[in-house]
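As structure tokens, the structure follows; a few thoughts come after it.
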């Protein structure tokens, strides 16, 4: 039985998503600020957990954080031809400040390649300054026409890495290192979300990049969501901003740069990949609260006894798992169960007078609603049980998402099969078409080539559209 | 002998500050973006350490983080009369976005009372929703005429807490709890900087607040720097944004709100409080790197032996102290010493072939430049020695700053003494003057009442200006 206020997924997936965001109290619409949301504490705590997981990996791979200005002189955008075409139509402009009209407007950063390129040109002098490996955590703004909480908002939060290298190959290695060791490692291990790593086609490449790599994940409606991108910018921005260095032979060279980002869209991915008709489901490794304890009592005497037991059994949990005791007095246990299910806490522990008698507690798994996920567990050894259970839930969510993706990924030998496949999920097929072919398929099916997977088959096959023989497979899907 | 490139403090304090910022590679001027700086990795790492120390305390006192929009409808600023007067002249305005002129401009938040007030009015319904204890980490923008790295920049980074309470007294308790348990605790324990806690006079109260509290610290030129503020906003914003709740008797009441903030100005305070003519000095508890190890060698054989020793002795440091080994090959030890002194790393460990023979290392304290701070320490027990030394340096910096403040704080019995005192430091004196008197003193001496300290004398005395008898003492000082 679906929860009150949550539209079932199979009835209206889009409304289900909005119901989860509201039901789990993750965001509020900032209707007074076009296309913006408020990240409410429940939603923001998930972003904080994501930041920690990502920042640890960013630093472990040798990067350091810095912070560059929010405002960018509008003329900077113009310096890289593809870049301006991609971003100029969607910027917000500051034209007045301190009570005066500005001679040149600023734009609020939609992304920071240009302003960072300007500073890198000052900082980089010699090959010894390279590689320069800097990341920034920041807000960015893109004036979107259609918005959707977390998935597409005018202002969003992200990290953007910007690095400088001496050679093309160094930049390419960095681009792939970030894709594998920072992004895929985080999304798969912490978010329990399997991803397909691949290269973007020319049509889907970042405005100003040589090559864009991305991670694509499948949502529960079979559509793709790009969870991260990593761009080899070649010498495009180095030439536009004159980032040069003197090499080991004292010759002046243009540098090679990369940029890579992951944003609060991930929160949308998290919701759509794992949650169900009962509410949000957060993988235990990412969950700000992993275990909620609900005490059950009918009078003051029971209350003291139960809370004393809770205090005793949870004493050794501190530092081992993230938990909270919901001892709010004016709410029934049922109301609390409902609230924590909606908010996706992985495990609920219930302790009542009968549990005290029996020396046990009731443990309910969020990933298995109802009786299937509920068991009675001895108080002795409870911590080890919970730690094991959290690991099992983490793995279970990953396995379930992977199985779902495999069940909804179709081989297509021809265009008809492609059309049917993208109605239900991903299509993996051989591809030798042009950018125009790709556009035609998008116009006709709403599906795009999400990535050319890094893992490719050994054997050649026939292009799904042109009939040409090729060794290249791609993933077609409709995307968020 | 002062370092090359660092103007001595006693010669030109203001230039010394800029030299430290540049010499320690903490920031770059964003001359293309009015009044902004780039927080370079060395400077930003200090902000990250500050964020951790503050965020831990913010959460330990029951607050949660959230994120509200960067843009605020311009009309929102107008709703609170004092607030608009304080902030309207210095806002940056977004008037065009997505290629179109906006019907109503947005301002980039100079502070978020108004936009957050708007949402709180939607979220708060009943006394059960209170207190609402939310904090935000964000960038803000104030179009300043004269800027100075970290101390005053057009864009800066901060946290701003915004809370809602049922009564005046609850709001007042929150305002003071934040001042004591979050701000003063952090600044004194982590930054090793003694502060005077006090109330602002009406003249210096935040635009829209009932009462503003602040922490004031003394810099090495005797001037005051306000390191944090905590405001009891009374019902001013609750009335302007209609934040009401139904109380326990079902009667609708306007709520009471607070706001409080601490910003990247703190980095400026850190520099000016502790650093010397050799460069930056970072207190060990805050230092991103606490110990730097410099290996000394003349050939490959020595290099392997020394690095093997460094590897061995530092093996047990991981997780106990934050350190880095500077094994860059193309730089001399002397160059490295200079660089890490400039960057303020608290302790340097030097390991060379002779140290290997003797089973010792050389340890140099950043807070005591030259021979006074250098000693030879056995490799056995080195970790315990370093941990003890770091604690001693932390305490030593605090003690030194406190002693300096005490030596530069003067009692003043009359206006003449006040005038002399504020030339050299803080003046503590009795005060019964008006806002006009305060303004006159500012015009004549450039000094303002920094705070009315929470700690007040038992006995009455004579007002420094009016000659009236009063029990209230204040601190006058010139301020950053």
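Rounded to the nearest 5, what % of DSSP beta bridges with both residues in segment A:392-480 are antiparallel? Intermediate values should be presented prior to the final figure.
Numbers: 9 of 12 bridges.
DSSP beta bridges in segment A:392-480 are roughly 75 percent antiparallel.
Could you check what % of the DSSP bridge pairs in segment A:235-379 are antiparallel, to the nearest 5?
Numbers: 13 of 21 bridges.
Counting DSSP beta bridges with both partners in segment A:235-379, the antiparallel share is about 60 percent.
Angle, helix B:41-60 long axis vs. longest principal axis of chain B, Cα atoms, 0 to 90°, nearest 10?
60
Would you work out if segment A:242-281 is rounded, prolate or oblate? Take a ≥ b ≥ c from the square roots of the eigenvalues of the alpha-carbon gyration tensor; rounded if a/c is under 1.5, else prolate when a/b is larger than b/c, oblate otherwise.
Details: a/c = 10.18, a/b = 6.53, b/c = 1.56.
Because a/c hits 1.5 or more and a/b exceeds b/c, segment A:242-281 counts as prolate.
Divide by every residue of chain B the summed helix terms, -39500 (n - 2.57) for each DSSP H run of at least 4, and state the resulting mean residue ellipticity at 222 nm, rounded to the nearest 500 deg cm²/dmol. Kindly include the intermediate steps, with their values, before the conclusion.
Numbers: 15 runs with 162 residues, N = 480.
The per-residue figure over chain B is -10000 deg cm²/dmol.
When Rg is the radius of gyration of the Cα atoms in segment B:121-257 and Rh is its Kirkwood radius, what does Rg/Rh come to?
Details: Rg = 16.9 Å, Rh = 16.5 Å.
Radius of gyration relative to Kirkwood radius: 1.02.
Could you compute Rg(Cα) / (2.2 N^0.38 Å) for segment A:134-182, with N its residue count?
Details: Rg = 14.6 Å, N = 49, 2.2 N^0.38 = 9.7 Å.
That ratio works out to 1.51.
Helix B:113-123 versus the longest principal axis of chain B: what angle, 0 to 90°, nearest 10, using Cα atoms?
The angle comes out at about 70 degrees.
Compute the orientation-averaged projected area for segment B:183-239 from the convex hull of its Cα atoms and round it to one decimal in nm². Please list the in-between numbers first.
Numbers: hull surface 17.8 nm².
Projected over every direction and averaged, the Cα hull of segment B:183-239 covers 4.4 nm².
Cα gyration tensor of chain B, axes a ≥ b ≥ c as square roots of the eigenvalues: rounded (a/c below 1.5), prolate (a/b > b/c) or oblate?
Working: a/c = 1.99, a/b = 1.57, b/c = 1.27.
Verdict is prolate for chain B.
Give the distance, in whole Å, between the Cα centre of segment B:137-198 and the Cα centre of segment A:345-365.
Computed from Cα coordinates, the inter-centre distance equals 42 Å.
Dividing the Cα convex hull volume of segment B:336-450 by residue count, how many Å³ per residue is that?
Values: hull volume 16.0 nm³, N = 115.
Per residue, the Cα convex hull of segment B:336-450 comes to 139 Å³.
Inter-copy label distances at residue B:247, 7 Å along the Cα→beta-carbon direction, one decimal in nm, shortest first?
Distances between equivalent label points, in nm: 7.7.
In degrees from 0 to 90, rounded to the nearest 10, what is the angle of the helix A:382-407 Cα long axis to the longest principal axis of chain A?
Approximately 50 degrees, to the nearest ten.
For segment A:1-158, rounded, prolate or oblate, judged on the Cα gyration tensor with a ≥ b ≥ c (square roots of eigenvalues), a/c < 1.5 rounded, else prolate if a/b > b/c?
oblate
Using only Cα atoms, what is the ratio of the radius of gyration of segment A:6-98 to 2.2 N^0.38 Å? Provide the component values of the computation, followed by the final result.
On the way: Rg = 19.0 Å, N = 93, 2.2 N^0.38 = 12.3 Å.
Taking the Cα Rg and dividing by 2.2 N^0.38 Å, one obtains 1.54.
Please average, across the residues of A:125-136, the number of beta carbons from any other chain that are within 10 Å of each residue's own beta carbon, and give a whole number. Can you show the working numbers first?
Details: counts 0, 0, 0, 3, 0, 0, 0, 1, 1, 3, 2, 3.
Mean shielding by partner chains, rounded to a whole number: 1.
When Cβ neighbours within 10 Å are restricted to other protein chains, what is their mean count per residue of peptide B:284-293? Don't skip to the end; give the middle numbers.
On the way: counts 0, 0, 0, 0, 1, 0, 0, 0, 0, 0.
For peptide B:284-293, the averaged partner shielding equals 0.
Inside 10 Å of the C-beta atoms of A:378-386, what's the mean count of C-beta atoms belonging to other chains?
Numbers: counts 0, 0, 0, 0, 0, 0, 0, 0, 0.
Going residue by residue through A:378-386 and averaging, the value is 0.
Once the label point is set 7 Å along the Cα-to-beta-carbon vector, what list of distances in nm do you get between residue A:331 and its counterparts in the other copies?
Those label-point separations list as 5.4 nm.
Between copies, how close do the residue B:469 label points come, placed 7 Å along Cα→Cβ, listed in nm from shortest?
11.0
If you split all Cα-Cα distances of the protein assembly as shown into 20 Å bins from zero, what percentages do you get per bin, shortest first?
Values per bin, smallest distances first: 12, 40, 37, 10, 1.
Throughout, read-outs are computed from the coordinates displayed, never taken from laboratory work. Quantities reported herein were computed from a predicted structural model and do not represent experimental measurements. Positions of Cβ are generated from backbone atoms using ideal geometry, with glycine treated the same way; all protein chains shown enter the neighbour counts.
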